[in-house]
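For reference, the structure is listed below as structure tokens.
The values are calculated or read from the model by the stated rules, or taken from the named source; none is laboratory data. In this text the structure is predicted, and so the values were computed from the model without any measurement. Cβ sites come from the backbone with ideal geometry, for glycine too, and all protein chains shown count toward neighbours. Side chains included, ligands, DNA and RNA excluded: accessible areas come from the protein's heavy atoms. Shrake-Rupley method; radii C 1.70, N 1.55, O 1.52, S 1.80 Å.
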Amino acid sequence: MANRDIKVENILGTSSKAAVSSWDKLLEIQVELFLPFELNFFLSNTGWEKATSILDVGCGNGYYLSRLQNFFNDKHYTGIDISPELSDIALTRYTNKDILFEQADFLNYRPENKFDIIIMRLIVQHMSDFPQLLRQASSLLNANGRLIIIEPDLDGFINIPATPMFSSLLREYGIFTEKTQRNRAILSNINQSIEGILDWEITNQTIMAVPQTGPLNNTKFLEMYILWIDIIERSSVIRFPFSKTRQELDKWSKNASTYSQIGIQAIEMQNRARI
Ligand SMILES: C[S@@+](CC[C@H](N)C(=O)[O-])C[C@H]1O[C@@H](n2cnc3c(N)ncnc32)[C@H](O)[C@@H]1O
């Protein structure tokens, strides 16, 4: 049973059933939408091919790791997450899988063995103090180990026709993350932010576009956008006309000439001092 004394901050909060349900759905949708593109990245990555021990930091409900294991079943997987509720889901849902799930805070995590690869997917943006995060990653990696960060490429987001309210909501959320010094603010320039930190170097950066043509009603794309709105609203981190934004997307999504695109980036990094 996971430890409920560890608290997760605001947007990632999962103490209510409604929040757990939204996150559980959202994490699954984001895996379904992005994984085919990410697989392309993994399949052409020699570090990944050789790696045998993988740590997924902030593994959420475990769905991502369970899908990765489907495709690469020659590796040992460990997933950690700070949320007691999401850790419980991962622990109970994938008992038949050979994956070690644990509830743990990455920053205090002290496993017995080190890893060949650490994956941080859609978590770096929510954390702050990037150098501290890299120091901790370094301490958990084998010599020659690699860190793979997967995050949105914010410049790759396109909605046609434009959805001004939705875009404005994303901007407002971005401002909140900057004020609270979340790493999301450095996503557009993550390579520059890494250069020169503690001997880390980028060994591969791949930008991917995930597209969807309309009409977008009844698609995972629309469902994902609505869940983003629900989660931001429930977290109360910003004030915004959320209902009107949902209405805008609802109307927009029915138009057959809509196009939507999400950008994602995978960044593979190595600490030169540990090679
Ligand atoms: C947006 S979710 C991404 C989940 C998963 N990586 C995926 O892509 O499906 C971010 C996750 O990071 C977890 N998290 C945040 N801070 C953490 C920390 N310090 N240690 C471990 N997990 C953390 C949250 O509980 C949440 O489940």
Out of all the residues in the range 69-82, is one or more among the aromatic types (Phe, Trp, Tyr), in contact (Cβ under 8 Å) with a residue 60 or more places away in the chain and within 16 Å of the ligand (Cβ to nearest atom)?
no
Restricting to the range 103-132, give me the number of residues that are within 30 Å of residue 176 (Cβ to Cβ) and either near the ligand (Cβ under 9 Å from one of its atoms) or over 16 Å from the mean Cα position of the chain (by Cα) (or both).
18
Please specify each residue of the range 1-16 satisfying the condition of being more than 12 Å from residue 234 (Cα to Cα), surrounded by fewer than 18 Cβ atoms within 10 Å (Cβ to Cβ) and either out of contact with any Asp or Glu (no Cβ under 8 Å at 6 or more places or on another chain) or at pLDDT 95 or above (or both).
3, 4, 5, 7, 9
Test: residue 95 is more than 13 Å from the ligand (Cβ to nearest atom) and either in contact with a strand residue (DSSP E or B) (Cβ under 7 Å, 6 or more places away or on another chain) or among the acidic types (Asp, Glu) (or both):
no
Just a yes or no: is a residue in the range 145-168 out of contact with any His (no Cβ under 9 Å at 6 or more places or on another chain), more than 15 Å from the ligand (Cβ to nearest atom) and closer than 22 Å to residue 272 by Cα?
yes
A careful count of residues in the range 102-136 that are touching a Gly at 6+ places or on another chain (Cβ under 9 Å) and either without any contact (Cβ under 8 Å) to a residue 24 or more places away in the chain or open to solvent by 20 Å² or more (accessible area, probe 1.4 Å) (or both) gives 8
Could you check how many residues of the range 42-68 are at pLDDT 95 or above, open to solvent by less than 30 Å² (accessible area, probe 1.4 Å) and more than 13 Å from the ligand (Cβ to nearest atom)?
4
Give just the number: which of (1) over 15 Å from the mean Cα position of the chain (by Cα); (2) within 30 Å of residue 203 (Cβ to Cβ); (3) open to solvent by 30 Å² or more (accessible area, probe 1.4 Å); (4) within 15 Å of the ligand (Cβ to nearest atom) does residue 37 not satisfy?
(1)
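Please verify whether the range 65-78 includes one or more residues that are among the hydroxyl-bearing types (Ser, Thr, Tyr) and more than 19 Å from the chain's Cα centre (by Cα). Give the steps one after another, and end with the answer.
We begin by selecting, within the range 65-78, every residue among the hydroxyl-bearing types (Ser, Thr, Tyr); these are 66, 77-78.
This time we only want the ones that are more than 19 Å from the chain's Cα centre (by Cα), so: none.
No, the range 65-78 contains no residue that is among the hydroxyl-bearing types (Ser, Thr, Tyr) and more than 19 Å from the chain's Cα centre (by Cα).
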Given the condition in a helix (DSSP H, G or I) and closer than 24 Å to residue 64 by Cβ, answer yes or no: does some residue in the range 209-219 qualify?
no
Test: residue in the range 148-163 that is without any contact (Cβ under 8 Å) to a residue 60 or more places away in the chain, within 18 Å of the chain's Cα centre (by Cα) and open to solvent by 30 Å² or more (accessible area, probe 1.4 Å):
no
For residues that are of a type in the set (Lys, Arg) and more than 28 Å from residue 265 (Cβ to Cβ), scanning just the range 204-245, find the one that is least open to solvent (accessible area, probe 1.4 Å).
244
Residue 25 fails exactly one of the following numbered conditions: (1) open to solvent by less than 50 Å² (accessible area, probe 1.4 Å); (2) more than 11 Å from the ligand (Cβ to nearest atom); (3) within 29 Å of residue 218 (Cβ to Cβ). What is the number of that condition?
(1)
